[in-house]
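Shown next, in structure tokens, is the structure this report addresses.
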Amino acid sequence: MSQAILNEPVATSRTPSRKRAVGARLVEWALIAIVLLYAAGLLVAPLVAIVYGALVEGGGAFVRQITSADALSALKLTLIMAVGATLINTLFGLCIAWVLARDDFWGKRVLNGLVDMPFAVSPVIAGFMLILLFGRNGWLTALTDALGIKVVFALPGILIATIFISIPFVIREVVPVLSQANRDQENAARTMGASPWQTFRHVTLPAIRWGLLYGVSLTFARAVGEIGAVLVVSGGVSRLTETATLFIFRSLDDRNTVGANAMAVVLAVVSFMILMVIEFFKRRAEKNYSANVTASTLE
Amino acid sequence: MKSATTTINAAPPRVLPWGRWGLRATAALYLGVMIALPLAAIIANGLHDGLRAFWNDLSSPAAFAALKLTITMAIIVTLINAVMGTLTAYVIVRYRFYGRGLLNGLIDMPFAIPTLVTGVMLAALYGPQRTLGAWLKAHGIEVIFATPGIVLALLVITYPFIIRAVQPVLIEAERSEEEAAYTIGASKWTTFLRVVFPTIAPAVVSGSLLCFARALGEFGSIVVVAGNIPGRTLTAPVYVYGQIESHNERAASAMSLVLLALSFALIVGVEWLQSRKRRGNVASDPE
């Protein structure tokens, strides 16, 4: 439906006068030029600069930095943490989204508000919260000590921090598709004797899959790129707990510009690929969504 | 299973009560442990020694300057991106031009690229030894390790927020009203001010609030480009980081509480605007 509006030719004004049409054209070109220049200056120029910088320093130095043991282990840790956080947040996110979209009970609005908090909290503060919970004299330190788990300045802390900052994405993408998904098919499946799980697995999940995948890819992108929360929780500079972003941070501290730039280029390329995946899922999700909305308004 | 014998049109069997309660409990427990508990810890810690200590921590010159800088930067950036974001959304929705699809995808870049990488990229472009940075420096303009660097970083990070808020509203807006105004003889500018802007104003405001909240909390890009000089280019989140590093937890908590309260108020504001919009839609719907 929105597609139809998008494809409508723009210059449909009944050309009051030729002079005015020319003026309108000029304004249009000027506005487009301003926007393109702004976007290019803000988004493209820095990207070009860093790739240029990495090449100018010599391809050899770049490759050496990126294939160093530190860099490789940092990339590996980032991958593990991002995949772990994405899995956990997808699982719980689906559950929470279902509750928010389909259930109704006292306190639901509080839960709904809590979901948005990670967007409102500065990542540094998110990391600090975990220190207050799990650090020295923390609220939960006695518990984790008894279990023999070290959270802060260790991998569990990094994982929890990554989970915290990426909680909202799956939920915020799935709730709208779940609320407007066609319930008739679900009801039919249930009346025919399918269990709630079967219904979810074979009816609901296929209906929400693009929205879900869009949320999952956003979660993953956010998890890969996190610095503030992870920096605070990892306690800085132990190479065992160094993610790719922490590698960049330490390289900057050590005035190792080549290393920082090289890893930044790698992360930028990875994010670009994730961005393309995100755009793909988003397009599919929007198509599905508008198709469903049209279907439900036609009924 | 007792309702399995009823007709197709009847309500389907409800999710088993324990299943429903299990899901509710899982959702509440997860959000409670992962989000509410950490929030409670920081609030308790910040107010632990009373309001006077809280106030003393905040009114130290470094803390006050950091807060003031952060809010000033956030306001400047929000104003610039409110204009440029609205313009970008308008151009993308209403004009057809070569590269439009690319631009539309590129706008999501700040969502995907790590903020720290954004900082490194800006340093690579505007750093004092780099091409553009060296040229600017020769003309007396310092970007990196100065406030223009902070503004630039925040502009990049928050660019998508207002665009993504305004775009759907513009797509939905009635073109006919606009064309009517235009054919009656209103200029493009008058049409925009009188017809288009009132429709998209709530979206611009809620997008701006989100942009402002994001700018308040930004760390990754700023820590690279700002230079973090106390009293001059040290922003509030970087100040919090410094206080944590020097084991001054109470000062970190106090500043965190202020930032939290500000962002919380902003998020509530956005929620309120959106719920008002939903109600407005329902009220104006003839059916």
>> Residues that are within 11 Å of chain B (Cβ to nearest Cβ), among the charged types (D, E, K, R) and surrounded by fewer than 17 Cβ atoms within 10 Å (Cβ to Cβ): does the range A:143-164 have at least one?
In response: no
>> Being closer than 30 Å to residue A:241 by Cβ and hydrophobic (A, V, I, L, M, F, W, C): is that true of residue A:188 here?
In response: no
> Can we say residue B:106 is at the interface with another protein chain (Cβ under 9 Å from one of its Cβ atoms) and within 13 Å of residue B:163 (Cβ to Cβ)?
Replying inline: yes
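Per-residue answers, yes or no, for (1) modelled with pLDDT of 90 or more; (2) closer than 18 Å to residue B:33 by Cα:
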site: A:64; (1), (2): no, no
site: A:74; (1), (2): yes, no
site: A:88; (1), (2): yes, yes
site: A:93; (1), (2): yes, yes
site: A:97; (1), (2): yes, yes
site: A:107; (1), (2): no, yes
site: A:111; (1), (2): no, yes
site: A:120; (1), (2): no, yes
>> Let me confirm something: among A:55, A:79, which residue is modelled with pLDDT of 90 or more and either more than 8 Å from chain B (Cβ to nearest Cβ) or surrounded by 15 or more Cβ atoms within 10 Å (Cβ to Cβ) (or both)?
In response: A:79
> When residue B:168 is evaluated against the numbered criteria (1) within 7 Å of another protein chain (Cβ to nearest Cβ); (2) within 20 Å of the chain's Cα centre (by Cα), which criterion, by number, is the only one it fails?
Replying inline: (1)
> What are the residues in the range B:4-36 that are facing chain A (nearest Cβ under 7 Å) and at pLDDT 75 or above, if any?
Replying inline: B:19, B:20, B:23, B:24, B:26, B:27, B:28, B:30, B:31, B:34, B:35, B:36
> Of the conditions (1) among the aliphatic types (A, V, I, L, M); (2) under 30 Å from residue B:22 (Cα atoms); (3) crowded, with 23+ Cβ neighbours inside 10 Å, residue A:262 fails just one. Which one is it?
Replying inline: (2)
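For (1) more than 30 Å from residue B:144 (Cα to Cα); (2) modelled with pLDDT of 90 or more; (3) facing chain A (nearest Cβ under 10 Å), each residue gets a yes or a no:
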{"position": "B:247", "(1), (2), (3)": "no, no, yes"}
{"position": "B:259", "(1), (2), (3)": "no, yes, yes"}
{"position": "B:269", "(1), (2), (3)": "yes, no, no"}
{"position": "B:274", "(1), (2), (3)": "yes, no, no"}
>> I need the full set of residues from the range A:209-237 which are over 11 Å from the mean Cα position of the chain (by Cα) and of a type in the set (Val, Ile, Thr), in order please.
In response: A:227, A:230, A:232, A:233, A:237
>> Within the range A:258-272, take every residue that is of a type in the set (A, V, I, L, M) and either more than 7 Å from chain B (Cβ to nearest Cβ) or outside any helix (DSSP H, G or I) (or both) and give me the one that is nearest to the chain's Cα centre (by Cα).
In response: A:270
> Just checking, which of A:240, A:275, A:252 is modelled with pLDDT under 85 and in a helix (DSSP H, G or I)?
Replying inline: A:240
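The values are calculated or read from the model by the stated rules, or taken from the named source; none is laboratory data. Keep in mind that this is a model prediction, so the values were computed, not measured. Note that each Cβ is placed from the backbone with ideal geometry, even for glycine, and that neighbours are counted across all protein chains shown.
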